[in-house]
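Asker: Can you keep this structure in mind? I'll have questions shortly.
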Amino acid sequence: MRLVSFERGAGPEAGVLAGDRIVPAVELGARASARELLATRDRAALAELAARALQADSGDSVALAEATLCAPVPDPQKIICIGLNYRDHAQETGQEIPAAPMWFAKFANSLCGSGAPVILPRAHSEYVDYEAELALVIGRPAHEVSAEGAMSHIAGAMPFNDVSARDLQMQNPLWTSGKAIDTFAPCGPALVTLDEIDDIGNLTLHTRVNGETLQSGSSANLIFGPGELVAWLSRTMTLLPGDIIATGTPAGVGAAHGRFLRDGDTVEVEIDGLGTLTNPITDADG
């Protein structure tokens, strides 16, 4: 199933993406947000919802091309980002391979969906960078789970761009000041449930800026894999349905090559089987 959130005049609502159309959850008797759907419905109920969506009359659906997509989960309690989780990225930045997952936070103000502009902050627009990431979304509460059992707590995954203002990031060893900026966490276009992903531990990621491929990697090269990350984080915090864990970026970030984002650029983050996240880059005054 591909779960989306979209707007049609009354704030974000949940829906199921079926081909090139969205079936609003409300049309299927589910008056709930995406996070509430993840929290209140088990996998069987979600599968039933998807099956009903595929059979639904197109008159009850919305054309994807006419929809304004939001972040698939627009109101998570937590957005946790993992730093330096690919060996090649640690190498290109000249940093040591971490002995334990390194994480920082983003907040809901940073979220936006595919097609939405990423807005360069007026005071810090010169060193804004892209980072293609595989993001996990929690489906069941996880507290002190094992790495082996952690996968059953993951609802699915989606493309994520950990946009970063490098000058602000490096002013603060906690990094968050350069990360938790408005529109700096685009994700989507959809949350793809785990049952539709062949092997979450072996997905290819690509970043293209204006059509030029600048990053290529595979989740097979994660230092800490999805199960390990969920287990490690759950030791000290309870992960809840809708929580987002961005798992880190491979080599090829702009800071390593002096290539930063500018007004008029278009960034695409593609993950095989999960779709392509596309965002234009816009000046604050644009």
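The values are calculated or read from the model by the stated rules, or taken from the named source; none is laboratory data. All figures in this text were calculated on a predicted structure; none of them were measured in a lab. Please note: Cβ atoms are built from the backbone with ideal geometry, for glycine as well, and neighbour counts cover all protein chains shown. Remember, those area values only see protein heavy atoms, side chains included, never the ligands or the DNA or RNA. Shrake-Rupley method; radii C 1.70, N 1.55, O 1.52, S 1.80 Å.
Asker: Any idea what angle helix 43-55 forms with the longest principal axis of the chain, computed on alpha-carbon atoms, 0 to 90 degrees, nearest 10?
Answerer: It works out to around 70 degrees.
Asker: Also: Pull out the extension gain between Gln171 and Ala256, defined as 0.36 nm times the separation in residues minus the alpha carbon to alpha carbon distance; nm, one decimal.
Answerer: Working: separation 85, 0.36 × 85 = 30.60 nm, distance 1.74 nm.
Once the chain is fully extended between Gln171 and Ala256, it gains 28.9 nm.
Asker: How many percent of the accessible area of the chain is carbon or sulfur, using a 1.4 Å probe?
Answerer: On the way: 5800 of 11840 Å².
C and S fraction of accessible area: 49 percent.
Asker: Another question about this same structure. With label points built 7 Å along Cα→Cβ from the Cα atoms of Ala108 and Ser218, find their separation and express it in nm.
Answerer: With each label point 7 Å from Cα toward Cβ, the separation is 3.9 nm.
Asker: Give the separation of the Cα centroids, the stretch 48-120 to the stretch 171-211, in Å.
Answerer: The distance from the Cα centre of the stretch 48-120 to that of the stretch 171-211 comes to 5 Å.
Asker: So, R0 is 30 Å and r is the distance between the beta-carbons of Asp88 and Thr238; what FRET efficiency does that work out to, to 0.05?
Answerer: 0.40
Asker: While we're on this one: Of Val16, Val26, Gly252, which is farthest along the charge dipole of the chain in the positive direction, counting Lys and Arg as +1 and Asp and Glu as -1 at C-beta?
Answerer: Projecting each Cα onto the dipole axis, the largest value belongs to Val26.
Asker: Working out 0.36 nm times the residue gap between Ala100 and Thr276, then minus their Cα-Cα distance, what length gain in nm do you get to one decimal? Before the final figure, lay out the partial values.
Answerer: On the way: separation 176, 0.36 × 176 = 63.36 nm, distance 2.99 nm.
So the extension gain works out to 60.4 nm.
Asker: Using the heavy atoms of the protein chains alone and a 1.4 angstrom probe, what is the accessible area of the chain per residue in square angstrom? Walk me through the intermediate numbers first.
Answerer: Values: 11840 Å² over 286 residues.
Result: 41 Å² per residue.
Asker: Highest first, please rank the peptides 154-163, 67-76 by the mean number of other Cβ atoms sitting within 10 Å of their residues.
Answerer: 154-163, 67-76
Asker: Here's something else I'd like to know. Sorted by packing (mean other beta-carbon atoms within 10 Å per residue), highest first, where do 122-130, 109-117, 167-175 land?
Answerer: 109-117, 122-130, 167-175
Asker: I need the shape label for the chain. Rule: rounded when a/c is under 1.5, else prolate if a/b > b/c, else oblate, with a, b, c from the alpha carbon gyration tensor.
Answerer: Numbers: a/c = 1.80, a/b = 1.27, b/c = 1.42.
It comes out oblate by the Cα gyration axes.
Asker: Separate question: Can you find, among Thr193, Leu37, Thr93, the residue sitting farthest towards the positive end of the charge dipole of the chain, where Lys and Arg contribute +1 and Asp and Glu -1 at Cβ?
Answerer: Leu37
Asker: Right, another one. Rounded to the nearest 20 Debye, what is the dipole magnitude of the stretch 205-286 about its Cα centre when Lys and Arg each give +1 and Asp and Glu each give -1 at the C-beta? Mind dumping the intermediate values first?
Answerer: Numbers: 4 positive and 10 negative charges, 63 e Å.
The calculated dipole for the stretch 205-286 is roughly 300 debye.
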